[in-house]
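Engineer: One structure follows; several queries about it will come next.
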Amino acid sequence: MEKLQNMKTKLKNFYKLCPFAHTVGLLSAFIILLHLALRHNKVLMVKISENFVRPYHQTVAGILNGVHFSVAEVLIISAGIGVIAYLIYSIVRLICQKERLKLLYKTILPLLSFALLVYALFSVFWGTYYYADDFISRSGLKNEKISVEQLKTVTQYFADMANEYSQKVERDEKGFYRPDREEIMRMSPELYENIEDEFPCLEGKVLRAKGFKFSKILSYTDFTGFFFPFTGEANVNVDFPQNLFPSTVAHELAHQRGIAKEQEANFAAVLSSLEYGQEDFVYSAALLAYTHLGNALYKADHEAWKEIYSSLNDYVLLDFAENRAYWKQFEGPAQSTMNTVYEGFLQSYDQKLGMKSYGACVDLLVNYYYDEALEAVK
């Protein structure tokens, strides 16, 4: 009995070292474990995502929509500066004070608790989506197996569309596509209005995408944009070449409307951009679709790919070349590490294809556009 009492006293004294950090860490760990235990309960995940997570995103993003800068960026930078300042302060204390082992624990625990809290909230406000109904289920779209001939037909369709609209968009004196990024983001709230009747699951508040000021950092980590689930904001990189910028805006807005999976967000980006009809969005969507379809056709029928690739005009080839040159300068350890981390993240949420899941939108594109493409290429 006395031993038990002594143990309780020691635990109480140990807890008192950092009561707030211990409480936050334990509660966060509990939420994470609860998520891991229950995330395969689809009925529960659907209820949470539809009745709590998505309304939260729409409400918070709606409140922040009048703020033209990215609140997500402010929070991320503030957190980064805060952690660095805390580490510097803690190192100085460790050097100057005694009882360093206890102080080291009191230094590490708040950082660990903060990391657990972020992951716990992320699991609730984003991870839940991966285990609820996906866009294919909610939309009723066909996702059947496709033939190489079908793939070839739809690839040619988007190649022709890219050729056509490449001559309708604004270009600089060197021939590069140069839309006004601010104008693109200004138009972004209207992007999904034309497909809400066909896909009621995509209904949502009229919200705009936001540019990330420190976009060069995103480029080093191979990101063209991201959805921030804590503020509900769709953030886009404003540094990478403009040719895929409009479709990137559409992609991040798809996440804002409850599409978690990357392949489905890519399809939604193409669909919404084409239905919107504005030249910049149509051209960028055609490039995005052709990129995915062309990569798939390259492996399935190389000769067919060569034939279609040779049909691309100089404007399209120039824009693709600019894109390749831009991203080549960021190749290195940071980009490779981030890709590995992100692939691990996708797989941790049972996205078995990892980064390759970006290519799975091909089936959706072919199934949806095949009849239209067949008619167009006759």
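Engineer: In the range 41-199, what percent of the accessible surface is made up of carbon and sulfur (1.4 Å probe, ligands and nucleic acids excluded)?
Structural biologist: Here carbon and sulfur together make up 62 percent of the probe-accessible area.
Engineer: Just for the chain, what percent of DSSP beta bridges are antiparallel, to the closest 5?
Structural biologist: Close to 60 percent.
Engineer: Pairs to check: Lys16/Lys102; Lys168/Lys205; Lys174/Lys306; Lys216/Lys328; Lys142/Lys299; Lys168/Lys213. Give those whose C-alpha atoms are more than 20 Å from each other in this structure.
Structural biologist: Lys168/Lys205; Lys174/Lys306; Lys142/Lys299; Lys168/Lys213
Engineer: Take the alpha carbon atoms of the range 92-159, find their radius of gyration, then divide it by 2.2 N^0.38 Å using N residues; give the quotient.
Structural biologist: For the range 92-159, the normalised Cα radius of gyration is 2.37.
Engineer: Please provide three numbers in whole Å: the alpha-carbon extents of the range 258-311 along the principal axes, with the largest listed first.
Structural biologist: 37, 27, 11
Engineer: Rank by packing, highest mean first: peptides 140-151, 198-209, with packing defined as the count of other Cβ atoms within 10 Å averaged across residues. Mind showing how you got there, number by number?
Structural biologist: Working: 140-151: 13.9, 198-209: 17.0.
Per-residue mean Cβ counts within 10 Å order the peptides as 198-209, 140-151.
Engineer: Report the full-extension gain for the segment Ile77 to Glu303: residue separation times 0.36 nm, less the Cα-Cα distance, to one decimal in nm.
Structural biologist: 76.5 nm
Engineer: For Tyr56 and Leu26, calculate 0.36 nm times their separation in residues minus their Cα-Cα distance, and state this gained length in nm to one decimal.
Structural biologist: 8.4 nm
Engineer: Sort the range 138-248 into rounded, prolate or oblate with this rule: let a ≥ b ≥ c be the square roots of the eigenvalues of the Cα gyration tensor; rounded if a/c is under 1.5, and if a/c is not under 1.5, prolate when a/b is larger than b/c, oblate otherwise.
Structural biologist: It is oblate, given that a/c is not under 1.5 and a/b is not larger than b/c.
Engineer: Would you mind putting 285-292, 34-41 in packing order, based on average other-beta-carbon counts within 10 Å, highest first?
Structural biologist: So the order, starting with the most tightly packed, is 285-292, 34-41.
Engineer: Can you give me the Kirkwood hydrodynamic radius for the chain, using every pair of distinct Cα atoms, in Å to one decimal?
Structural biologist: One decimal place: 23.0 Å for the Kirkwood radius.
Engineer: By average Cβ neighbour count within 10 Å, what is the ranking of 20-27, 360-367 from highest down?
Structural biologist: Listed from highest to lowest mean packing, they are 360-367, 20-27.
Engineer: On to the next question. Probe radius 1.4 Å, ligands and nucleic acids ignored: give me the carbon and sulfur share of the accessible area of the range 211-266 as a rounded percent.
Structural biologist: About 59 percent, which is the carbon plus sulfur part of the accessible surface.
Engineer: Further, regarding this structure: Just the number please: accessible area per residue for the chain, 1.4 Å probe, all protein chains included, in Å².
Structural biologist: About 51 Å² of surface per residue is accessible.
Engineer: While we're on this one: Say R0 is 45 Å: what FRET efficiency, to the nearest 0.05, do His40 and Arg93 get from their beta-carbon distance?
Structural biologist: In this case the efficiency is close to 0.50.
Engineer: At 222 nm, what helix-only mean residue ellipticity would the chain give, in deg cm²/dmol to the nearest 500, using -39500 (n - 2.57) for each DSSP H run of four or more?
Structural biologist: Roughly -21000 deg cm²/dmol at 222 nm, from the helical runs in the chain.
Engineer: Hey, can you list the DSSP H helices of the chain whose Cα span along the axis is 27 Å or longer and whose average Kyte-Doolittle score is at least -1.0?
Structural biologist: What comes out of the filter, once short or polar helices are dropped, is 19-38, 71-96, 100-125, 279-300.
The values are calculated or read from the model by the stated rules, or taken from the named source; none is laboratory data. Because the structure is a prediction, the values reported are computed rather than measured. Please note: Cβ atoms are built from the backbone with ideal geometry, for glycine as well, and neighbour counts cover all protein chains shown. Accessible surface areas use protein heavy atoms only, side chains included; no ligands, DNA or RNA. Shrake-Rupley method; radii C 1.70, N 1.55, O 1.52, S 1.80 Å.
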